[in-house]
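Note sheet for the following structure.
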Amino acid sequence: MITLTEKAAQHVRNFLTKRGKGIGLRFAVRTSGCSGMAYKLEFVDEANPEDLVFESHGVKVLVDPKSMPYIDGTELDFAREGLNEGFRFNNPNIKDQCGCGESFTV
């Protein structure tokens with residue numbers, strides 16, 4: 001299961017409204033970075049047949065089956081710190097991550 005905090009869900013809703021289209025947020029992993037895997041987020045206009053779909057605070061999160069074992073149980077938060085803002089990933093599967101926080105291993 002993938003969940004969003006209320007702040008993250010509000011951010012996604014606002015962005016989809018500004019964008020004028022979209023059904024939700026795609027959450028996946030890709031091979032990258034110094035620790036092996038990195039998160040990938042993108043707004044989606046339609047679901048793929050194999051997508052797993054979760055809904056949290058009224059926002060759909062779509063996940064491909066290959067990414068699910070690495071991110072199952074993750075909560076996405078959205079935070080602003082000074083001039084920086086972005087998603088924070090609370091992933092219970094992480095064994096290690098790089099110092100910059102961009103990549104991880106499970």
Inset, instruction - Among the residues of region 61-83, write down those that are part of a strand (DSSP E or B) and surrounded by 16 or more Cβ atoms within 10 Å (Cβ to Cβ). - result: V61, L62, V63, E75, L76, D77, F78
Legend entry - Residue in region 1-60 that is surrounded by the fewest Cβ atoms within 10 Å (Cβ to Cβ), counting only those that are among the polar types (S, T, N, Q) and not in a helix (DSSP H, G or I): T31
Legend entry - All positions within region 41-94 that are over 19 Å from V106 (Cβ atoms) and basic (K, R): K60, R80
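Any read-out appearing in this document is the output of simple, stated calculations on the displayed coordinates, not a laboratory observation. Predicted model only: the values in this text are computed from it and were never measured. Heads up, the Cβs are rebuilt from the backbone with ideal geometry, glycines too, and the neighbour counts pull from every protein chain shown.
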